[in-house]
Number of protein chains: 2
Amino acid sequence: MTSVEEPARTGGRIRDAARTRAEILDVATKEFARAGLAGARVDEIAALTRTTKRMIYYYFGGKEQLFTAVLERAYSVIRQAEQDLDVEHLDPVAAIRRLAELTFDHHEAHPDFIRLVSIENIHEAEHIAASEQLGKIGSPALEVIHRILESGRKSGLFTADVDAVDLHAMISSFCFFRVANRHTFGALFGRDLTAPDQREHYRAMLGDMVIAYLTADRTA
Amino acid sequence: MTSVEEPARTGGRIRDAARTRAEILDVATKEFARAGLAGARVDEIAALTRTTKRMIYYYFGGKEQLFTAVLERAYSVIRQAEQDLDVEHLDPVAAIRRLAELTFDHHEAHPDFIRLVSIENIHEAEHIAASEQLGKIGSPALEVIHRILESGRKSGLFTADVDAVDLHAMISSFCFFRVANRHTFGALFGRDLTAPDQREHYRAMLGDMVIAYLTADRTA
DNA sequence: TCACTAATGTACGAACTAGTACGTTAGCTA
DNA sequence: TAGCTAACGTACTAGTTCGTACATTAGTGA
């Protein structure tokens, strides 16, 4: 998610509002993810950019607004990935599995996003609530899930009476926990949930779990 | 988890090491859960007790050690609940469901514990790692799960080739996410995962999910 | 009952930290 | 090319925050 590419610096002061803003966001993302909202230091964020603290206040207004901007950009990444997903050509079982894997892959690839969301939950989602961009926009994945569920039930494949939001929660919980809680889980049980050689194991486990739930024999 | 009962104060200074220590722990638990390690204030914790900041340093040494002590006590609660669980008389399916419900109930009843664990993960479990009491002690639930899985597989009921730690992760992820991420989930999707009238719905969903996974038809 | 120590209280300081007042300049536009 | 403004830098402050030096006393054991 690094947005700043060119370190082009010719000597004198360079002016590039977009680049300065993006660089602050990049650094702030790492810093907030590392230390939390209260733990992150505005001075430290500024020091890690090419510019000064003054610019953080100039572009974002303050520490909290900067955090909100960081969150907004982090959420836009997964939303884009969900939007780019194409599962219309797949059968319901394969489609759900594909969608679950998308969440699995995204969360694994973006641990900073996971940390930011954890931190935002400590703050009871007040920044999301205050954000025009993030408030109750839902997720592109929800509509996709909804359509797959419809089709799966119609064909008799899916027996579960579950709605899209709950299924999304089920998928997210597994993917989120695996990344977010890997430290305490590893420290307590001696197992690294994100060990590379176990990746396929957990990826398959997620799919198996969701499909088993959706297709379970419910005649008993 | 409140340990301090008697506010007995006769006028002069009262000395009760155990009570003072416990009161600090009670207040610190709430404060750390509310604001995180960096966000919590030692002065604020002290102000909410009957004693002074000096006592925090006297009994715990510092802010970080106090946080570790808070974590240790919080973990001891769920460990005790797991130890008290008796599922030996149940069939494997009922036993697993009962165990999952125990985690579900505990996490719902102890949101502060969930927040503390989230916070500890932001700090990459460094306090657990440094704690003699918490380092790799595992969980009483693991042995229970192990025995149930053995028995379920032997009887042919369970088809899944899963080990106790992974199943524990599956159960925990659902229960943990539901409480830890309820704020962002609610803000984004407009659904309160911890709404009291949905409690039984999610409790059943967890059990259905785990049992479906364990008993799925894997002949195909 | 006397002395000793664990337990407690007070007051303070050094370092940090978010935010801002004020000054400067690059680069665009008329 | 003159001047205007968005973009940027410096230096500072008011308030906070962790931690501690020092003083005090309740309760216990000899």
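Pairs from the table (A:LYS63/B:LYS63; B:LYS63/B:LYS136; B:LYS53/B:LYS136) lying more than 30 angstrom apart at Cα are B:LYS53/B:LYS136. Put simply, segment A:15-61 fits an ellipsoid with semi-axes of 18, 10, 9 Å; these come from the alpha carbon gyration tensor as the roots of five times its eigenvalues, largest first.
Each residue of segment A:145-162 was assigned a 3J(HN,Hα) from its phi angle through the Karplus expression (A = 6.51, B = -1.76, C = 1.60, θ = phi - 60°), giving 4, 4, 5, 5, 4, 4, 5, x, 6, 4, 7, x, 5, 8, 9, 6, 9, 10 Hz with x at Gly and Pro. Can you give the net charge of the other residues whose Cβ lies under 9 Å from the Cβ of A:LEU37, counting K and R as +1 and D and E as -1? Summing Lys/Arg as +1 and Asp/Glu as -1 gives -1. When the square roots of the Cα gyration tensor eigenvalues are ordered a ≥ b ≥ c, the ratio a/c for segment B:88-149 is 1.5 or more and a/b does not exceed b/c, which makes its shape oblate. Size descriptors for segment A:106-220, from the alpha-carbon set: Rg then Dmax equal 16.7, 47 Å. Each copy carries a label point for A:SER76 at 7 Å from Cα toward Cβ; from one copy, the others' points are 4.9 nm away, ordered from shortest.
For a straight C-alpha distance cut-off of 17 angstrom, the aspartates and glutamates reachable from A:LYS30 (same-chain residues fewer than eight places away being disregarded) are A:GLU5, A:ASP43, A:GLU44, A:GLU64, A:GLU72, A:GLU108, A:ASP112, A:GLU120, B:GLU124. Once you sort the root eigenvalues of the Cα gyration tensor of chain A as a ≥ b ≥ c, which label holds: rounded (a/c under 1.5), prolate (a/b larger than b/c) or oblate (the other case)? Since a/c reaches 1.5 and a/b is larger than b/c, the shape of chain A is classed as prolate. Divided by 2.2 N^0.38 Å, where N counts the residues, the Cα radius of gyration of segment A:42-170 comes to 1.33. The slack between B:TYR58 and B:VAL77, meaning 0.36 nm per residue of separation minus the straight C-alpha distance, is 4.3 nm.
Within 10 Å of the Cβ of each residue in B:112-119, the mean number of Cβ atoms contributed by other protein chains is 3.
Ordering A:ILE171, B:ILE56, A:GLN65 by the projection of their Cα atoms onto the charge dipole of the protein assembly as shown, which places +1 on the Cβ of Lys and Arg and -1 on the Cβ of Asp and Glu, puts B:ILE56 at the extreme positive end. Sparse packing (at most 11 other Cβ atoms within 10 Å of the Cβ) combined with a DSSP loop state is found for the following GluC sites (Glu not before Pro) in segment A:95-194: A:GLU132.
Residues in segment B:25-39 carry Karplus couplings, in order, of 4, 4, 5, 5, 4, 5, 5, 5, 5, 6, 10, x, 5, 6, x Hz; the curve used is 6.51 cos²θ - 1.76 cosθ + 1.60 with θ = phi - 60°, and Gly or Pro positions show x. Accessible area per residue was computed with a 1.4 Å probe on protein heavy atoms; A:PHE189 scores about 40 Å².
With its label point defined 7 Å out from Cα along the Cα-to-Cβ axis, A:ASP16 lies at 6.6 nm from the matching points of the other copies, in increasing order. Taking the alpha carbon gyration tensor of segment A:146-195, multiplying each eigenvalue by 5 and rooting it gives semi-axes of 33, 10, 8 Å, largest first. Fully extending the segment from A:VAL42 to A:ASP112 would add 23.4 nm, taking 0.36 nm per residue of separation and subtracting the current Cα-Cα distance. Relative to the globular-protein estimate of 2.2 N^0.38 Å, the Cα radius of gyration of the protein assembly as shown stands at 1.07. When peptides A:19-29, A:81-91 are sorted by average Cβ neighbour count within 10 Å, with the highest value leading, the order is A:19-29, A:81-91. Pairing chains A and B buries close to 4500 square angstrom of accessible surface in total, based on protein heavy atoms and a 1.4 angstrom probe.
Measuring with a 1.4 angstrom probe and ignoring ligands and nucleic acids, B:TYR58 comes out at about 140 Å² accessible.
Per-residue mean of foreign Cβ neighbours for A:202-213 is 5 (Cβ atoms of other chains, 10 Å radius). The mean number of Cβ atoms from other chains found within 10 Å of a Cβ in peptide B:187-199 is 4, as a whole number.
The trypsin sites (Lys or Arg not before Pro) of segment B:35-88 meeting both criteria, a DSSP state outside H, G, I, E and B (loop) and at most 16 other C-beta atoms within 10 angstrom of the site's C-beta, are B:ARG41, B:ARG50. Karplus-derived 3J(HN,Hα) values for segment A:76-90, using 6.51 cos²θ - 1.76 cosθ + 1.60 with θ = phi - 60°, are 5, 5, 5, 4, 5, 4, 5, 5, 7, 5, 10, 10, 4, 7, 8 Hz; glycine and proline are entered as x.
The values are calculated or read from the model by the stated rules, or taken from the named source; none is laboratory data. It should be emphasised that the depicted structure is a prediction, and the values quoted were computed from it without experimental measurement. Quick reminder, even Gly has a Cβ in these numbers, built from the backbone with ideal geometry, and neighbours come from all protein chains shown. Surface areas here come from the heavy atoms of the whole protein model, side chains and all, with no ligands, DNA or RNA. Shrake-Rupley method; radii C 1.70, N 1.55, O 1.52, S 1.80 Å.
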